[in-house]
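Single-structure report; data block below.
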Amino acid sequence: EDNSRRLPVIDTRRFNSDIDQGLYFRSTIPGYYGVGSSGAICAAVYNEYKPGNKSRDLPGKPADLNAVQDTFSIMESCFHGQSSGIDPLCIFYNQPLVMHGKGKILPWLTNKQMNPAIQLFLLDTGHMSRTDDHVRGFEKKMMKPALRRDFKNQYIPLLNQTVDLFIRG
């Protein structure tokens with residue numbers, strides 16, 4: 001699908017000029033691992049080339065946050081098909097966000113003490129893979145009604161419980 005018709009307004013003239021002058025994106029996030037490299041690019045381009053306010057403060061109104069998420073969804077979809085826009089949104093605001101149902105995104109207030117027994121880390125397996133292949137495979141599997149029902153009724157509630165317990169420390 002051609003997303004260019006729906007891309008958010010950015011200063012493309014300045015962006016193209018900067019690219020012609022040697023602009024490049026340097027990151028420690030490895031590409032093709034599914035850990036946010038496309039989200040980081042989207043957040044960086046949006047931050048530098050969006051019109052108006054350069055603030056990275058969370059907007060006061062949820063509708064504003066949802067609008068930024070929609071923008072990132074369109075931008076990141078250019079990299080790997082469909083995107084929720086959450087990865088670049090977290091990267092742009094430099095803080096974890098929690099989704100409370102569709103359309104309700106709130107910052108995760110990390111001032112709670114985490115259980116010291118819980119440790120999170122990423123393990124570099126050295127195995128790269130394209131995110132869009134996994135997204136398409138997942139979407140294809142979700143076309144089966146039984147799997148879609150089980151995912152909705154079993155997996156999502158367990159995942160929500162896990163996230164809730166994690167947030168509560």
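Summary of values
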{"item": "In segment 32-51, the residues that are open to solvent by 20 Å² or more (accessible area, probe 1.4 Å) and modelled with pLDDT of 85 or more", "result": "Ser37, Ile41, Ala44, Val45, Tyr46, Asn47, Glu48, Lys50"}
{"item": "Segment 17-36 residues that are in a loop (DSSP other than H, G, I, E, B), paired with ones that are open to solvent by 50 Å² or more (accessible area, probe 1.4 Å) and of a type in the set (Lys, Arg) (beta carbon under 8 Å, 6 or more apart)", "result": "Tyr32/Arg130"}
{"item": "Test: residue in segment 111-125 that is in contact with a strand residue (DSSP E or B) (Cβ under 7 Å, 6 or more places away or on another chain), outside any helix (DSSP H, G or I) and open to solvent by less than 70 Å² (accessible area, probe 1.4 Å)", "result": "no"}
{"item": "Out of Cys78, Cys90, sole residue that is farther than 25 Å from Pro157 by Cα and at pLDDT 80 or above", "result": "Cys78"}
{"item": "Segment 138-165 residues that are aliphatic (A, V, I, L, M), paired with ones that are in a helix (DSSP H, G or I) and surrounded by 10 or more Cβ atoms within 10 Å (Cβ to Cβ) (beta carbon under 6 Å, 6 or more apart)", "result": "Met142/Arg148; Leu147/Lys141"}
{"item": "Any chance Asp87 is among the charged types (D, E, K, R) and under 26 Å from Cys42 (Cβ atoms)", "result": "yes"}
{"item": "Extreme residue, nearest to Gly36 (Cα to Cα), among residues of segment 126-169 that are small (Gly, Ala, Ser) and either touching a Cys at 6+ places or on another chain (Cβ under 8 Å) or assigned to a loop (DSSP other than H, G, I, E, B) (or both)", "result": "Ser129"}
{"item": "Asp20 being modelled with pLDDT under 90, charged (D, E, K, R) and exposed (fewer than 10 other Cβ atoms within 10 Å of the Cβ)", "result": "no"}
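The values are calculated or read from the model by the stated rules, or taken from the named source; none is laboratory data. Because the structure is predicted, anything quoted here is derived from the model rather than measured. With ideal geometry, Cβ positions are generated from the backbone for all residues, glycine too; neighbour counts draw on all protein chains shown. In case anyone asks, the SASA skips ligands and DNA or RNA and just uses the protein heavy atoms, side chains included. Shrake-Rupley method; radii C 1.70, N 1.55, O 1.52, S 1.80 Å.
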